[in-house]
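**Q** Okay, handing you the structure first.
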Amino acid sequence: MDATTALAVRLSHQSVKHLWDVYSRIEWPDTLDDSAWFMPPELCSLYGTEAWEELDLPAQRTLSRYELGNFFSLTLQGERPLIQGLVNQMYSRRNPEVTEYIHHFLDEENKHMVMFADFCNRYVGKVYNYKKLVLPREYAKGEEDVTFFIKVLIVEELGDYYNIAMGRDKRLHPLVAEINNIHHADEARHITFGRRLLKDLFEEFAPTWSAETLAGLRSWLGDYMRSSWADFYNPSMYRDAAIPDAYPARQAALKHPACRAHRERASERLVKYFLDTGILEQAPEL
Ligand SMILES: [Fe+2]
Ligand SMILES: [Fe+2]
């Protein structure tokens, strides 16, 4: 049994051992009071900018509610294409052991979507949507799978940085911490699996690609990371939180050095993986 298959078997055992039910695991209070933070201030997208400094404490906390709603929505909306693509990876593309783990992966992602949607609809009043333009294109052999698992890893690794930080933050409502902890427990396995499979695929196919294909993939990866980050600065969420000049506030935050430093910090583990595996040759500008 090769190392990736053995890993899939081990992860499947773990998924069975830690099986949970999304309909009974969480107690949902009718309301969550506004005196606690929903997202820690340092993780709010406007933190460190002038727009943030102009808000009083209650307004910052209100923004943190919508910031959390945006983060949970982003995760949920990122899990939709992930589920679609994972289904394509099953029986025909992967061996029975890996296919079995993908069944757990799908089950867990489906529960995450139910959980995040429940939270957002109850306490934020909505699930946010994001415009994603997918242009049809030709792929070199193996490139479509490599691209898919890069997208999976980006949504999961960036999300996990937030989950870990929020899961242990005592300033947050305990329900918020709990949801982040539940998600992190499953995601730790998904990330281990995704990192391994992506490395295998890259090592198998990248040597067969032309220099243009490889350069094209690397430049797309940088663009994809920047566009993933841009969704954290959602003008609709700023408007819902009554931030004056929502769109200029977004543009200022995207350019602000404090926000860029945050993006680099939160992406550090992911970028290191891309550099270590040779998927990237240099860290992208974020
Ligand atoms: Fe998830
Ligand atoms: Fe996941």
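Residues checked against (1) out of contact with any helix residue (DSSP H, G or I) (no Cβ under 8 Å at 6 or more places or on another chain); (2) among the charged types (D, E, K, R); (3) assigned to a loop (DSSP other than H, G, I, E, B):
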| residue | (1), (2), (3) |
| --- | --- |
| Asp118 | yes, yes, no |
| Val134 | yes, no, yes |
| Ile150 | no, no, no |
| Ile154 | no, no, no |
| Asp160 | no, yes, no |
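**Q** Among the residues of the range 19-73 satisfying the criterion of being within 16 Å of ligand 2 (Cβ to nearest atom) and closer than 19 Å to Arg239 by Cβ, which is surrounded by the fewest Cβ atoms within 10 Å (Cβ to Cβ)? Spell out how you get there, then give the answer.
**A** Within the range 19-73, the subset within 16 Å of ligand 2 (Cβ to nearest atom) is 19-20, 22, 71-73.
Checking the rest, the ones that are also closer than 19 Å to Arg239 by Cβ come to 71-73.
On the way: Phe71: 28, Phe72: 30, Ser73: 25.
So the residue we want is Ser73.
**Q** Would you call Lys141 at pLDDT below 95 and outside any helix (DSSP H, G or I)?
**A** no
**Q** Condition test on Ala211, is it surrounded by fewer than 18 Cβ atoms within 10 Å (Cβ to Cβ) and either under 18 Å from Met115 (Cβ atoms) or away from ligand 1 (no atom under 16 Å from the Cβ) (or both)?
**A** Numbers: surrounded by fewer than 18 Cβ atoms within 10 Å (Cβ to Cβ): yes; either under 18 Å from Met115 (Cβ atoms) or away from ligand 1 (no atom under 16 Å from the Cβ) (or both): yes.
So Ala211 passes the test.
**Q** Which condition does Pro41 not pass, out of (1) at pLDDT 95 or above; (2) closer than 21 Å to Phe148 by Cα, if it passes all the others?
**A** The failed condition is (2).
**Q** Using the structure shown, decide if Ser267 is at pLDDT 95 or above, crowded, with 18+ Cβ neighbours inside 10 Å, within 22 Å of the chain's Cα centre (by Cα) and of a type in the set (S, T, N, Q).
**A** On the way: at pLDDT 95 or above: yes; crowded, with 18+ Cβ neighbours inside 10 Å: yes; within 22 Å of the chain's Cα centre (by Cα): yes; of a type in the set (S, T, N, Q): yes.
Yes: the conditions hold for Ser267.
**Q** Across the range 103-152, which residue is farthest from ligand 2 (Cβ to nearest atom) among those that are of a type in the set (Ser, Thr, Tyr) and within 24 Å of Asp33 (Cβ to Cβ)?
**A** Within the range 103-152, the subset of a type in the set (Ser, Thr, Tyr) is 123, 128, 130, 139, 147.
Checking which are within 24 Å of Asp33 (Cβ to Cβ) leaves us with 123, 128.
Details: Tyr123: 22, Tyr128: 19 Å.
For the range 103-152, the residue satisfying everything is Tyr123.
**Q** Can you name every residue in the range 197-217 that is farther than 11 Å from Thr277 by Cα and not aliphatic (A, V, I, L, M)?
**A** Passing the criteria: Glu204, Phe205, Pro207, Thr208, Trp209, Ser210, Glu212, Thr213, Gly216.
**Q** Just the residues that are away from ligand 2 (no atom under 12 Å from the Cβ) and touching a His at 6+ places or on another chain (Cβ under 9 Å), please, taken from the range 74-102.
**A** Within the range 74-102, Met90 is the sole residue that qualifies.
**Q** Would you say Arg93 is surrounded by fewer than 19 Cβ atoms within 10 Å (Cβ to Cβ), at pLDDT below 95 and within 23 Å of Phe232 (Cα to Cα)?
**A** Details: surrounded by fewer than 19 Cβ atoms within 10 Å (Cβ to Cβ): yes; at pLDDT below 95: yes; within 23 Å of Phe232 (Cα to Cα): no.
When the stated conditions are applied, Arg93 does not pass them.
**Q** Kindly provide the set of residues from the range 185-202 that are free of Cβ contacts under 8 Å to residues at least 60 places away in the same chain and out of contact with any Phe, Trp or Tyr (no Cβ under 9 Å at 6 or more places or on another chain), ordered by number.
**A** Let us first name the residues in the range 185-202 that are free of Cβ contacts under 8 Å to residues at least 60 places away in the same chain, namely 187-188, 191, 194, 201.
Within the range 185-202, Glu187, Ala188, Ile191 meet the criteria.
**Q** Out of the residues in the range 162-196 that are farther than 23 Å from Val16 by Cα and buried (at least 19 other Cβ atoms within 10 Å of the Cβ), which is nearest to ligand 1 (Cβ to nearest atom)?
**A** Residue satisfying both the conditions and the ranking: Tyr162.
**Q** When the residues of the range 116-137 are narrowed to those that are surrounded by 20 or more Cβ atoms within 10 Å (Cβ to Cβ) and within 15 Å of ligand 1 (Cβ to nearest atom), which ends up nearest to Asn70 (Cα to Cα)? Even if it seems obvious, please write down each step before you answer.
**A** First, the residues of the range 116-137 that are surrounded by 20 or more Cβ atoms within 10 Å (Cβ to Cβ): 116, 119-120, 123-124, 128.
Now narrow it down to the ones that are within 15 Å of ligand 1 (Cβ to nearest atom): 116, 119-120.
Numbers: Phe116: 10, Phe119: 11, Cys120: 9 Å.
That would be Cys120.
**Q** Tell me the residue from Ala283, Ala242 that is surrounded by fewer than 19 Cβ atoms within 10 Å (Cβ to Cβ), on the phi > 0 side of the Ramachandran plot and assigned to a loop (DSSP other than H, G, I, E, B), please.
**A** Details: Ala283 fails: on the phi > 0 side of the Ramachandran plot.
The conditions single out Ala242.
The values are calculated or read from the model by the stated rules, or taken from the named source; none is laboratory data. Keep in mind the model is a prediction, meaning the values are calculated, not measured. For neighbour counting, all protein chains shown are included, and Cβ atoms are generated from backbone atoms with ideal geometry for every residue, glycine included.
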